[in-house]
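Okay, structure first, notes after.
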Amino acid sequence: VNRVVPDDALQDAAREFVMLLSKRARRTTQLLKEAVYQGMDKSLEDGLVLEGQAISEVLASQNYAEGLAAFEERREPKLL
């Protein structure tokens, strides 16, 4: 749980969260979800290995390079 909202605000909060996720790189989000779900059934050591593999892939991606460039240029990233 990252946020609690009243029942009448749930639909708007869900839309807001979906919009946030839609602006992120798909592969990075996929790797994060995989690491979380697979890591729950692993030892800490194995989970850290899985996390390291995911981070290595993200850091080598074009989206990561684009994100850094966009940050330096103070603009929105153009993710693949």
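With respect to Leu31, determine if the residue is under 30 Å from Glu66 (Cβ atoms), at pLDDT below 90 and part of a helix (DSSP H, G or I). For Leu31, the condition - under 30 Å from Glu66 (Cβ atoms), at pLDDT below 90 and part of a helix (DSSP H, G or I) - is not met. Residues in region 39-56 that are in a helix (DSSP H, G or I), in contact with a helix residue (DSSP H, G or I) (Cβ under 9 Å, 6 or more places away or on another chain) and not charged (D, E, K, R): Gly39, Gly47, Leu48, Leu50, Gln53, Ala54, Ile55.
Being loosely packed, with under 10 Cβ neighbours inside 10 Å, of a type in the set (Gly, Ala, Ser) and outside any helix (DSSP H, G or I), is that true of even one residue in region 4-27? No, because not a single residue in region 4-27 is loosely packed, with under 10 Cβ neighbours inside 10 Å, of a type in the set (Gly, Ala, Ser) and outside any helix (DSSP H, G or I).
The values are calculated or read from the model by the stated rules, or taken from the named source; none is laboratory data. As the structure is a prediction and not an experimental result, all values here were calculated from the model. Because the Cβ atoms are built from the backbone with ideal geometry, glycine has one as well, and the counts that use them run over all protein chains shown.
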